[in-house]
Structures are given as structure tokens and as C-alpha cells.
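To start, the structure itself, in C-alpha cells.
Nothing in this text is a laboratory measurement; each read-out follows from the coordinates by a stated rule. What you are looking at is a predicted structure, and each value in this text was computed from that prediction instead of being measured. Cβ placement follows ideal geometry from the backbone for every residue including glycine, while neighbour counts extend to all protein chains displayed.
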Amino acid sequence: MIIHFTKKFEDLHSILFSSSFKLHYSGEYFGDSSGKVISRAAHPMVSFCDFNDDELLTKTITYGGYGVALKKSWALKYGLSPVNYVEKNSPVALGLISLLKARQKETLPSCLRLPVIQLKCFTKHVYGTNSHLKVDSFDFKAENEWRFVPSKKQIGGNKISENYSTFDKNREKYNKRLENYPLVFEYSDVKFVYVQTKEEREKFISQFGLPDSKVKLCNWNQPI
């Protein structure tokens, strides 16, 4: 199963009420082995982690104490994919760096400009800075991330890659453009919902008609 984590009960409630995940632009960078940033851009996405329920007891989760877990069959239906984790000095990293540089210099054939960005959207360094925790050399691979990154057609022709500085100056404007294009699911796609308290658990069972076995209390560690 794959799990989307969130920090607020209200956000989890909104996800279940709407049977959907809101897309947001996320800032991502890709650099070389010397630390030089080759590409820094914002891409529209929804992120998940690939964990089994019994694994969560041993995990420290960065992104909150609430979550909704969905079946892998749902993920495959909607084109989600695991992130490709690469070492900065590996042949894979060097190959992507060459492609990104060629794209920036406009020496790539036009038919390859989009595919390069599609690859970059699903590629991440094994180790890097975790902006949520403000920690360097964070082990991103341990998160087992899966992503939904839409095509331009799926988000009404909006960009799947925006210059980060441009995006950062007006985040609300860019994210608002994605509001009409959520990632949807059915309750039958849900494996588990994770909440913090017994009261929240009872509320979800009552309001959404979920079986008792599907609504669980958070059982993972969170950063202090």
C-alpha cells in the first residue's frame, strides 16, 4: 500500500470528504557531485510513501501524524510511480545532468524537452537537505516515495515544471491553477485511515461509514 501523510486532522478530513488529493507545486532540485545546483524547479504532484502497516511501528515519519493508505492497484491505475533515487556521482546522475544542461542550452530536439522533465520529476538524490526538518544529508530513500505527477493535459495545460524563483514569488497563484484537477479515489481504494485520537477515529467511522478495521490510531514516530 502507499500512504499520504499530513499534519492536520482538518486536512485528512478534507481528503476523505472530497475523495481526492489536492495537487500542489513542490520545489525540487537536482545537483552534481560538487553541490552545484543543475536544476531547481517546482513540479505539480502528490506524494506518498510505500510502507506496509506493520512497518510503520519502526518508522519516523517527517510529514505528520495523520495518513490515508491506498491500494497499489489504485496507484497503478492513475499512473503513480516510485521515485528513482540516485547517487550524485553515479552514471545515472551524470546522464540526467547532461540532458538537463542540453535542455537549458536548447540543444535538445524539441521532442525530447518534455521527456527530460518527466524523468526529472521522478528523480531524487539518495541523500540531501530535508527542508521540513532542516537536516542535511537526510536519507530520502528510506521514505520509499511514490509520486503522482500529472501530464499538462490532466491539469488544463498548466506547466509541469516552473522556475522555482518564479513560483516562490507567488505560490498561491500557481497552486490555485491546480484546484480543479484533483487526484481522485473511491472509498473502496482505501486500505487504512490513520488518526491521532479515539474521538477522531469514532468521527471518521460514523461520518464516512468506514469499517472499524480501516480506521487506526497513528503508530509511527514523529520528529521532535
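For the reader, a short list of remarks on this structure follows.
- Under the Karplus curve 6.51 cos²θ - 1.76 cosθ + 1.60, θ = phi - 60°, whole-Hz ³J(HN,Hα) for segment 7-12, x wherever Gly or Pro sits: 8, 10, 4, 4, 5, 5
- Taking amide H atoms as placed 1.01 Å from N in the peptide plane, the amide H of Val215 lies under 5 Å from those of Val193, each 5 or more residues away in sequence or on another chain.
- With only Cα atoms counted, segment 1-103 has Rg and Dmax values of 16.6, 46 Å.
- Relative contact order (%) - the chain, alpha-carbon pairs under 8 angstrom, separation at least six: 32 percent
- Fewest-first ranking of Asp212, Asp189, using other Cβ atoms within 10 Å as the exposure measure: Asp212, Asp189
- 3J(HN,Hα) from dihedral phi, segment 104-119, Karplus parametrisation 6.51/-1.76/1.60, rounded to Hz, x for glycine, proline: 5, 7, 6, 9, 7, x, 4, 5, 9, 5, 5, x, 4, 5, 4, 5
- Rounded FRET efficiency, nearest 0.05, which uses the C-beta distance separating Lys105 from Tyr29 and R0 of 25 Å: 0.85
- By the beta-carbon count within 10 Å of each Cβ, the least crowded to most crowded order of Asp53, Asp136, fewest first, is Asp136, Asp53.
- For the chain, Kirkwood radius (reciprocal of mean inverse C-alpha pair distance, Å): 18.7 Å
- Between the amide H of Val86 and those of Lys124, His125, Val126, distances stay under 5 Å, these residues lying 5 or more places away or on another chain, with hydrogens modeled in the peptide plane.
- Amide H partners (placed H, <5 Å) of Leu23, local residues excluded: Leu183
- Highest to lowest packing among 69-76, 164-171, scored as the average C-beta count within 10 Å: 69-76, 164-171
- Cβ-placed point charges (K, R +1; D, E -1), dipole of the chain about Cα centre in debye, nearest 20: 860 debye
- Mean residue ellipticity (222 nm) of the chain, computed from DSSP H runs ≥ 4 via -39,500 (n - 2.57), nearest 500: -8500 deg cm²/dmol
- Cα gyration tensor shape of segment 73-116, rounded if a/c is under 1.5, else prolate or oblate by comparing a/b with b/c: oblate
- Segments 148-159, 36-47 sorted - mean Cβ within 10 Å per residue, highest first: 36-47, 148-159
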